[in-house]
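Participant: After the structure tokens below, expect a handful of questions from me.
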Amino acid sequence: MNITICVAQTKAAPWEEGFRALLPDARVSTWKAGDPQADYAIVWSPPQEFLDEQAGLKAMFNIGAGVDAIMKLRLPPQTQVVRLDDAGMSVQMAEYVCHAVIRHFREFDGYEADIAAGQWSYRKPRSRADFSVGVMGMGVLGERVARALRVFEFPVHGWSRTPKAVEGVVCHAGTDRFDTFLSSCRVLVNLLPLTPDTQDILNRKTLSRLQPGGYVINVARGAHLVEDDLIHLLDSGHLSGATLDVFRTEPLPADHPFWQHPKVTVTPHTSARTLRDESIAQIAGKIVALSRGEPIAGVVHRDRGY
Ligand code: NAP
Ligand code: GLV
């Protein structure tokens, strides 16, 4: 069996070594133009040239959860696209989102500013019942985040394409329920995949539906958010702040207004990192299953785009 590795912005050598260790009978190499046809590929943002040359791939394993960069390409018709299925990401996402929600709810930024100014001051405790958190996307990551927020007793709403049942979470599904979902939320967490249906979904109209003082946490993809609309709603006072991990252009350009905006917290696309060892173990297990003709989880539905 031939496995080829084509991973942008990531060193390929440790991935090669990892797959060789777990699949000693496989021939594993890092892709270069003109290489012979492989059976399986490990990819992150591969170039179109790679897919055109490797048109006989049985499956292509993305080393992230989001496959939006791959779905923009011309894909070989028979190749299965497989996303990373948690592999240690959901607990990181739960940590990140709970941290952002709690920092905002408990006004820790304000306390830090007071302490820096040498002031011992109290803020009035806020009502948890007034801090409904809405999670857009109740998949592998969103459901874990919703459950983690319930541990802190925030009222939690979830929104997905198809109906869900998660204990303690008010679940909404479909476009018909979108406005009701938004108006139920004070804090909005985006964990949708980026598809033609979800691009620009965080815009002036939708974000205006959040309760006054609304707060936005975008941890999915930058192209979900119309950045100027967010800035307008922050400056007008309808929204009180945002924590943003993903951006339309990454790295965030040095002159981008988000860097200096007093109501925006920026992190460098780090809310849930790919963990190499966990990912290699998961993908190697799936390669073995596929080579035995067994079904695997995490296969992307091409018509849905995720
Ligand atoms: P997932 O398991 O595929 O879940 C996606 C969820 O979104 C599902 O609940 C799905 O509904 C819902 N959804 C999709 N399209 C929708 C629509 N048009 N309307 C309403 N709901 C819709 O994905 P995941 O593993 O949770 O990952 C989510 C995204 O997080 C990834 O695609 C990636 O972009 C992002 N991500 C970011 C980082 C980071 O470090 N910032 C790390 C990992 C992932 P159904 O369940 O009904 O299908
Ligand atoms: C990271 O953004 C991922 O999609 O895994």
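Participant: State the number of residues belonging to region 107-129 that are touching a residue at least 12 places away in the same chain (Cβ under 8 Å) and either aliphatic (A, V, I, L, M) or at positive phi (or both).
Facilitator: The number of residues fulfilling the criteria is 2.
Participant: Same structure again: Out of the residues in region 94-146 meeting the condition of being buried (at least 17 other Cβ atoms within 10 Å of the Cβ) and of a type in the set (Gly, Ala, Ser), tell me which one is nearest to ligand 1 (Cβ to nearest atom).
Facilitator: 139
Participant: Let me confirm something: among 10, 79, which residue is open to solvent by 10 Å² or more (accessible area, probe 1.4 Å), within 30 Å of residue 271 (Cβ to Cβ) and of a type in the set (Ser, Thr, Tyr)? Full working, then the answer.
Facilitator: On the way: 79 fails: open to solvent by 10 Å² or more (accessible area, probe 1.4 Å).
Criteria check complete, one pass: 10.
Participant: Step by step: first the residues of region 162-176, then only those that are within 27 Å of residue 72 (Cα to Cα) and of a type outside the set (Gly, Ala, Ser), then the one that is most open to solvent (accessible area, probe 1.4 Å). Which residue is that? Break it down into steps so the answer makes sense when it comes.
Facilitator: Just the residues of region 162-176 that are within 27 Å of residue 72 (Cα to Cα), to begin with: 162, 173-175.
Add one more test, that the residue is of a type outside the set (Gly, Ala, Ser), and what stays is 162, 175.
Numbers: 162: 55, 175: 118 Å².
Going through the qualifying residues, I end up with 175.
Matching residues to (1) away from ligand 2 (no atom under 16 Å from the Cβ); (2) not hydrophobic (A, V, I, L, M, F, W, C):
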site: 29; (1), (2): yes, yes
site: 43; (1), (2): no, no
site: 69; (1), (2): no, no
site: 88; (1), (2): no, yes
site: 101; (1), (2): yes, no
site: 128; (1), (2): yes, yes
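Participant: Something else: Could you tell me how many of the residues in region 286-306 are without any contact (Cβ under 8 Å) to a residue 60 or more places away in the chain and surrounded by 13 or more Cβ atoms within 10 Å (Cβ to Cβ)?
Facilitator: Filtering region 286-306 for residues without any contact (Cβ under 8 Å) to a residue 60 or more places away in the chain gives 289, 292-295, 301, 303.
Add one more test, that the residue is surrounded by 13 or more Cβ atoms within 10 Å (Cβ to Cβ), and what stays is 289.
Final tally of qualifying residues: 1.
Participant: Inspect region 277-298 for any residue being in a strand (DSSP E or B) and modelled with pLDDT of 95 or more and give the result as yes or no.
Facilitator: Within region 277-298, the first condition is being in a strand (DSSP E or B), and the residues that meet it are none.
Within region 277-298, none of the residues are in a strand (DSSP E or B) and modelled with pLDDT of 95 or more.
Participant: Of these, 245, 255, which one is of a type in the set (D, E, K, R), in the same structural domain as residue 143 (by TED's automatic domain parsing) and over 30 Å from residue 14 (Cα atoms)? Don't jump to the end; show me each part of the working.
Facilitator: Details: 245 fails: over 30 Å from residue 14 (Cα atoms).
From the options 245, 255, the qualifying one is 255.
Participant: Mind checking which residues of region 241-263 are away from ligand 2 (no atom under 16 Å from the Cβ) and touching a residue at least 40 places away in the same chain (Cβ under 8 Å)? Can you show your working first?
Facilitator: Quick first cut of region 241-263, residues away from ligand 2 (no atom under 16 Å from the Cβ) only: 241-242, 253-263.
Hit for region 241-263 is 241, nothing else.
Participant: Within region 45-72, track down each residue that is within 14 Å of ligand 1 (Cβ to nearest atom) and either open to solvent by 10 Å² or more (accessible area, probe 1.4 Å) or of a type outside the set (Gly, Ala, Ser) (or both).
Facilitator: Keep residues of region 45-72 that are within 14 Å of ligand 1 (Cβ to nearest atom), which gives 45, 62-72.
Scanning region 45-72 gives 45, 62, 63, 65, 66, 67, 68, 69, 70, 71, 72.
Participant: Looking only at region 24-44, filter to residues that are of a type in the set (Gly, Ala, Ser) and in contact with a strand residue (DSSP E or B) (Cβ under 8 Å, 6 or more places away or on another chain); which one of those is farthest from residue 72 (Cα to Cα)? Write out each step before concluding.
Facilitator: Of region 24-44, the ones of a type in the set (Gly, Ala, Ser) are 26, 29, 33-34, 38, 41.
Now narrow it down to the ones that are in contact with a strand residue (DSSP E or B) (Cβ under 8 Å, 6 or more places away or on another chain): 26, 29, 38, 41.
Details: 26: 29, 29: 25, 38: 22, 41: 17 Å.
So, considering only residues that are of a type in the set (Gly, Ala, Ser) and in contact with a strand residue (DSSP E or B) (Cβ under 8 Å, 6 or more places away or on another chain), the one farthest from residue 72 (Cα to Cα) is 26.
Let's see how each residue does on (1) open to solvent by 20 Å² or more (accessible area, probe 1.4 Å); (2) in contact with a strand residue (DSSP E or B) (Cβ under 6 Å, 6 or more places away or on another chain); (3) within 18 Å of residue 267 (Cα to Cα):
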{"position": "178", "(1), (2), (3)": "yes, no, no"}
{"position": "182", "(1), (2), (3)": "no, no, no"}
{"position": "188", "(1), (2), (3)": "no, yes, yes"}
{"position": "193", "(1), (2), (3)": "yes, no, no"}
{"position": "200", "(1), (2), (3)": "yes, no, no"}
{"position": "204", "(1), (2), (3)": "yes, no, no"}
{"position": "227", "(1), (2), (3)": "yes, no, yes"}
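Participant: When you check residue 158 against the structure, is it under 27 Å from residue 64 (Cβ atoms), in contact with a His (Cβ under 6 Å, 6 or more places away or on another chain) and not assigned by TED's automatic domain parsing to the domain that holds residue 66, yes or no? Break it down into steps so the answer makes sense when it comes.
Facilitator: Numbers: under 27 Å from residue 64 (Cβ atoms): yes; in contact with a His (Cβ under 6 Å, 6 or more places away or on another chain): no; not assigned by TED's automatic domain parsing to the domain that holds residue 66: yes.
No: the conditions fail for residue 158.
Participant: With 87, 94 as the choices, which residue is under 20 Å from residue 242 (Cα atoms), among the aliphatic types (A, V, I, L, M) and touching a helix residue (DSSP H, G or I) at 6+ places or on another chain (Cβ under 8 Å)?
Facilitator: Details: 87 fails: under 20 Å from residue 242 (Cα atoms).
None of the other options fit; the residue is 94.
Participant: Among what's in region 239-269 and is open to solvent by 50 Å² or more (accessible area, probe 1.4 Å) and under 18 Å from residue 220 (Cβ atoms), pick the residue that is nearest to ligand 1 (Cβ to nearest atom).
Facilitator: Residues of region 239-269 that are open to solvent by 50 Å² or more (accessible area, probe 1.4 Å), as a first pass: 248-251, 254-255, 257, 259-260, 262-263, 268-269.
Checking the rest, the ones that are also under 18 Å from residue 220 (Cβ atoms) come to 248-251, 268-269.
Values: 248: 13, 249: 15, 250: 10, 251: 14, 268: 10, 269: 5 Å.
Taking the candidates together, the pick is 269.
Participant: Next up: Take residue 159 and decide whether it is open to solvent by 10 Å² or more (accessible area, probe 1.4 Å), of a type in the set (Phe, Trp, Tyr) and more than 10 Å from ligand 1 (Cβ to nearest atom). So that I can check it myself, show each step before the final result.
Facilitator: Details: open to solvent by 10 Å² or more (accessible area, probe 1.4 Å): yes; of a type in the set (Phe, Trp, Tyr): yes; more than 10 Å from ligand 1 (Cβ to nearest atom): no.
It is false that residue 159 is open to solvent by 10 Å² or more (accessible area, probe 1.4 Å), of a type in the set (Phe, Trp, Tyr) and more than 10 Å from ligand 1 (Cβ to nearest atom).
Participant: For region 69-117, enumerate the residues that are more than 30 Å from residue 284 (Cα to Cα), hydrophobic (A, V, I, L, M, F, W, C) and assigned to a loop (DSSP other than H, G, I, E, B).
Facilitator: Selection gives 117 alone.
The values are calculated or read from the model by the stated rules, or taken from the named source; none is laboratory data. All figures in this text were calculated on a predicted structure; none of them were measured in a lab. Don't worry about glycine lacking a Cβ; one is built from the backbone with ideal geometry, like all the others, and counts go over all protein chains shown. When the accessible area is computed, the model is the full protein with side chains, heavy atoms only, and any ligands, DNA or RNA have been set aside. Shrake-Rupley method; radii C 1.70, N 1.55, O 1.52, S 1.80 Å.
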